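As structure tokens, the structure follows; a few thoughts come after it.
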Ligand SMILES: NC(=O)c1ccc[n+]([C@@H]2O[C@H](COP(=O)([O-])OP(=O)(O)OC[C@H]3O[C@@H](n4cnc5c(N)ncnc54)[C@H](O)[C@@H]3O)[C@@H](O)[C@H]2O)c1
């Protein structure tokens with residue numbers, strides 16, 4: 001697969017799978033527009049990616065909850081590299097982990113609603129914002145691929161992270177199918193990838209799967225790169241649940 005002269009826009013690119021996909025895309029000839037809220041880490045990681053091929057990456061600080069900031073990321077991508085060929089919505093995470101300093105072990109009804117507001121905004125609204133903002137450019141180009149990111153938690157539900165489970169579930173399917181329906185006549189595809197446990201953090205190894213292990217981040221990134229490439233050209237409007245068979249398990253404890 002070659003992404004020569006192609007440009008990927010990624011949210012959550014300072015860490016985990018977003019960072020890895022940035023690296024892989026650049027190694028395969030493309031450019032990366034790396035967006036993240038964590039300014040310090042982002043600038044360090046952009047420098048690392050540019051060391052692979054100078055001028056191949058830019059960093060744009062962005063809170064995906066702010067539509068103007070999301071639009072700015074897309075505008076920068078087109079200004080610097082001339083197109084947006086791929087968008088991957090990695091920014092996100094389960095609220096009780098991401099906002100752990102605000103969570104003190106309360107029972108679900110006692111958890112402040114602001115925590116769930118944050119989660120719905122980052123995990124759901126942020127993806128709607130990026131899809132919407134990028135579509136303007138993809139429509140003009142008559143091409144593009146958008147990858148939304150769900151989670152096995154959306155399939156299973158969660159008695160504590162209800163914002164995350166809500167955002168990463170049927171909402172992702174509805175968004176993905178809708179963008180695919182709009183996009184098809186314009187040469188735009190949209191898919192969703194919903195991982196099970198991925199070893200971007202060692203703790204994910206504790207989440208059981210039918211295959212007895214968590215996924216390597218590279219396995220998820222490779223699926224996304226395949227779907228984004230010409231080899232994946234007949235996929236649109238579908239969700240890829242990549243969970244090692246976790247949802248098939250009858251006993252997960
Ligand atoms: N790791 C897993 O096991 C797993 C499983 C299923 C789904 N996912 C999903 O995959 C995606 C990537 O996971 P990961 O483990 O690589 O992530 P990660 O936690 O390593 O990175 C997430 C990035 O998002 C950024 N971010 C957080 N809030 C933001 C905001 N408001 N605006 C912009 N950026 C923001 C963070 O700074 C961080 O760099 C997430 O959406 C996650 O929910 C991960």
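The values are calculated or read from the model by the stated rules, or taken from the named source; none is laboratory data. These numbers come from a predicted model, not from an experiment. All Cβ positions, even for glycine, are placed from backbone atoms using ideal geometry, and neighbour counts span all protein chains on display.
Things to note:
- Against the conditions (1) under 16 Å from residue 175 (Cβ atoms); (2) crowded, with 17+ Cβ neighbours inside 10 Å; (3) touching a residue at least 60 places away in the same chain (Cβ under 8 Å), residue 240 satisfies every one except (3).
- The conditions of being assigned to a loop (DSSP other than H, G, I, E, B), within 9 Å of the ligand (Cβ to nearest atom), surrounded by 15 or more Cβ atoms within 10 Å (Cβ to Cβ) and modelled with pLDDT of 95 or more are not met by residue 209.
- Qualifying residue in segment 15-37 (condition: under 24 Å from residue 214 (Cβ atoms), within 14 Å of the ligand (Cβ to nearest atom), in contact (Cβ under 8 Å) with a residue 24 or more places away in the chain and not in a helix (DSSP H, G or I)): yes
- Residues of segment 212-237 satisfying the condition of being under 24 Å from residue 170 (Cβ atoms) and part of a helix (DSSP H, G or I): 220, 223, 224, 227, 228, 232
- Residues that are more than 15 Å from residue 192 (Cβ to Cβ) and surrounded by 18 or more Cβ atoms within 10 Å (Cβ to Cβ), drawn from segment 222-235: 225
- Scan of segment 174-188 for residues that are within 15 Å of the ligand (Cβ to nearest atom) and farther than 17 Å from residue 234 by Cβ, ordered by number: 175
- Screening residue 87 on (1) in contact with a strand residue (DSSP E or B) (Cβ under 9 Å, 6 or more places away or on another chain); (2) in a helix (DSSP H, G or I); (3) closer than 28 Å to residue 152 by Cβ; (4) more than 9 Å from the ligand (Cβ to nearest atom) shows it passes everything except condition (2).
- Looking across 165, 214, 159, 180, one residue alone is in contact (Cβ under 8 Å) with a residue 24 or more places away in the chain and in contact with a helix residue (DSSP H, G or I) (Cβ under 6 Å, 6 or more places away or on another chain). It is 214.
- Selection status of residue 65, out of contact with any strand residue (DSSP E or B) (no Cβ under 6 Å at 6 or more places or on another chain), within 23 Å of residue 151 (Cα to Cα) and away from the ligand (no atom under 12 Å from the Cβ): no
- Residue match in segment 181-193 (condition: more than 19 Å from the chain's Cα centre (by Cα) and either part of a strand (DSSP E or B) or farther than 30 Å from residue 142 by Cα (or both)): no
- Restricting attention to segment 50-68, the residues that are in a helix (DSSP H, G or I) and within 17 Å of the chain's Cα centre (by Cα) total 1.
- Candidate set: segment 90-119, residues that are in a loop (DSSP other than H, G, I, E, B) and farther than 28 Å from residue 220 by Cβ; chosen: the one farthest from the ligand (Cβ to nearest atom): 107
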